[in-house]
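The values are calculated or read from the model by the stated rules, or taken from the named source; none is laboratory data. Everything quoted here is computed from the prediction, not taken from an experiment. Quick reminder, even Gly has a Cβ in these numbers, built from the backbone with ideal geometry, and neighbours come from all protein chains shown. Keep in mind that these areas ignore ligands, DNA and RNA; they rest on the heavy atoms of the full protein, side chains included. Shrake-Rupley method; radii C 1.70, N 1.55, O 1.52, S 1.80 Å.
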Amino acid sequence: MYYFFQVRDVNLRREKIGKIKTYYLSDKPGELSRVIIDYFWNKKKHPEAVFNLYHSKPKGDLFILQWQNVTYYIKYTRNRLWKHKVRNVFRPPSRYLKISYRLSKIGIQVAEPVLAFSFRKNLLTHEGVFVTKAVSGVPLSEYLRKESTNARDIQLIKELGRLWGILYKNSFLHSDPGTDNFLIKIKDRAIGVYLVDMDGIYPLPVMVKSMFMNRFSKFSFCIYYELLKEKKQQLTSTERVAFYREFLTYSGLKLSLKELISIDKELFLERVRDKKRRKGVSIPIPKWLN
């Protein structure tokens, strides 16, 4: 249902190279665009360009490109299933450029967008590529697995709450808030949280609180489940309260801390029950829900 919410207030520059449309924000693409087009559509490799497949999923592949001493992430959208074909028609790669730009303007850190390409084979077969500069850091899932409770920085928890608050205030819905979609960068004791996958982020004309809170609670659940799998200690009450308070501060939501916790608890329990009902997986109830 989110496919039809388009980003219309960002003007992209565009040029056509053969049958392939190239989109960019400011700097006109140079040889980099030719390197990428040759690799994906002309089946040619440039000797100085090193492409490595990072992971492959049914809906698309993620490549890492080393080119002229710069590292890039490249997302290639697939058309394996009919739902992917429909998705690619309504969600062209230029959309990711626009969303990345808008998020950066409201104070959310993203991998710097560079280029987007689209190639229309026929009416329902659209291929696309989205290119960003790489960000050095680790996924939130990896950070949670590796860090002990004592080593977890309360500033990280606050940064996550701030990010969710900004999303709500600016009417962005994150439909896929898995811990792999948040990148943690630590430099000189400063902690940054980056959104690295634009695929599940949608700008809404008006934010619906119930819809947003469902995703917000799913994020809480993803953190809990990640720590549970790795047999790590769950977030402490201090960490949870810091997360909630930061979210309330930046979201502008007219809720008390007690009301927010109550909503999150109710949705969290529903998610636990749903996982058992649909997948037969029993998950212990965390202490903070009792």
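Which one of the conditions (1) buried (at least 20 other Cβ atoms within 10 Å of the Cβ); (2) closer than 17 Å to LEU140 by Cα; (3) not hydroxyl-bearing (Ser, Thr, Tyr) does PRO203 fail to meet, given that it meets all the rest?
(2)
Of everything in segment 92-120, what is at pLDDT below 90, among the basic types (Lys, Arg) and surrounded by fewer than 22 Cβ atoms within 10 Å (Cβ to Cβ)? Give them in sequence order.
Matches in segment 92-120: ARG120 only.
Mind counting the residues in segment 231-255 that are touching a Ser or Thr at 6+ places or on another chain (Cβ under 9 Å) and exposed (fewer than 12 other Cβ atoms within 10 Å of the Cβ)?
1
Taking the residues in segment 67-77 that are open to solvent by less than 50 Å² (accessible area, probe 1.4 Å) and within 15 Å of TYR54 (Cα to Cα) as candidates, determine which candidate is modelled with the lowest pLDDT.
The selected residue is THR77.
Does GLU259 satisfy being out of contact with any Cys (no Cβ under 9 Å at 6 or more places or on another chain) and in contact (Cβ under 8 Å) with a residue 40 or more places away in the chain?
It is false that GLU259 is out of contact with any Cys (no Cβ under 9 Å at 6 or more places or on another chain) and in contact (Cβ under 8 Å) with a residue 40 or more places away in the chain.
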